[in-house]
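Readers should treat all values here as calculations from the given coordinates under stated rules, not as data from a laboratory. Owing to the predicted nature of the structure, the values given are computational and were not obtained by experimental measurement. Virtual Cβ from ideal backbone geometry, glycine too; neighbours counted across all protein chains shown.
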Amino acid sequence: MVLVTMEPGVMLLMAFAVVFAGVSKGGFGSGAAFASAAILALVMDPGAALALMLPLLMLIDLVTLPPFWRRWSWSETRVLVLGAVPGVALGAILLNWANADILRLLIGVIAMAFVVWQAATRGGWIAPGKRGMPLWGGWLAGSVAGFTSFISHAGGPVAAVYLLARGLGKTPYQATTVLVFGLINLLKIGPYAAMGLITAQTLTLSALLVPFALIGAWLGVKAHFLVSERAFFALTYVLLTITGARLIYMALM
């Protein structure tokens, strides 16, 4: 089975999606990196898009973790990752049941919900949380993050709400985010492989896109100091709105 046509326009879109994931993770946390899977789902089977992105996201996690080595909060990491286990299991059950159109619909809805949530929090309509949130909130946040990460690589936003509410500083927050999703991505390998999502074809495409993941991670570190977070996320919201709307349309038509 051919996963995706090798037309120049399609390959350019795939390269852009992977670079974008690297920039997001390398310079602006992991919250917007899931846009890459949504973009890829426009041109290939959504399940294959998730499987293709998983090794690349893990690679980006690996190369962006050393600068923050041991600067993470281990207590927060442990709570989120342990909480993610049942979320990953539930995501596996759903993904095993869902067909391509249902998966496109889910990814599209998550993309649009992310934009609405971010607009509401930045507009002051929703308070992201207060310091002193109990650790049990991490179990719930971890479960939701594990679930959304499994079905769309979109666990970042809910984890961010919890970590920010715990009052972590900028560096511990970034380090904890990278470590948490590096570990959650490890949890996803077995189920993805058992479900037949990870194949020789997805691994081959992932290998071809490795340079773009590395370039994106490098650009993300540079962009962190040169591009405002406001500008980056403004672009992200536009991409997610267009992509989410298109996926929902494709699923329902």
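If the chain between residue 242 and residue 10 were fully stretched, how many nm would it gain, using 0.36 nm times the residue separation less the Cα-Cα distance?
On the way: separation 232, 0.36 × 232 = 83.52 nm, distance 1.69 nm.
Full-extension gain reported as 81.8 nm.
You can think of it this way: the chain between residue 109 and residue 74 has 9.4 nm of extra reach, that is 0.36 nm per residue less the Cα-Cα gap.
Can you give the charge dipole size of the chain about its Cα centre, rounded to the nearest 20 debye, using +1 on the beta carbon of Lys and Arg and -1 on the beta carbon of Asp and Glu?
Computed charge dipole of the chain: roughly 800 debye.
In this label model, residue 171 and residue 121 are separated by 2.3 nm, measuring between points 7 Å along each Cα→Cβ vector. Computed on the chain, with alpha-carbon pairs under 8 angstrom and 6+ residues apart, the relative contact order is 39 percent. Just 36, 75, 143 to compare: in a GNM of the chain, with alpha carbon springs under 10 Å, which one fluctuates most? Result for the chain, Cα springs under 10 Å: 75 fluctuates most. Considering only 62, 50, 40, the mean-square fluctuation computed in a Gaussian network model of the chain, springs between alpha carbons under 10 angstrom, is largest for 62. For the residues 89, 33, 154, a GNM of the chain with alpha-carbon springs under 10 Å puts the largest fluctuation on 89.
Shape class for the chain, computed from the alpha carbon gyration tensor (a ≥ b ≥ c): rounded, with a/c under 1.5. Applying 1/(1 + (r/R0)^6) with r as the Cβ-Cβ distance of residue 82 and residue 253 and R0 = 41 angstrom yields a FRET efficiency of 0.50. The alpha carbon gyration tensor of the stretch 15-97 gives principal lengths a ≥ b ≥ c with a/c of 1.5 or higher and a/b no greater than b/c, which makes the shape oblate.
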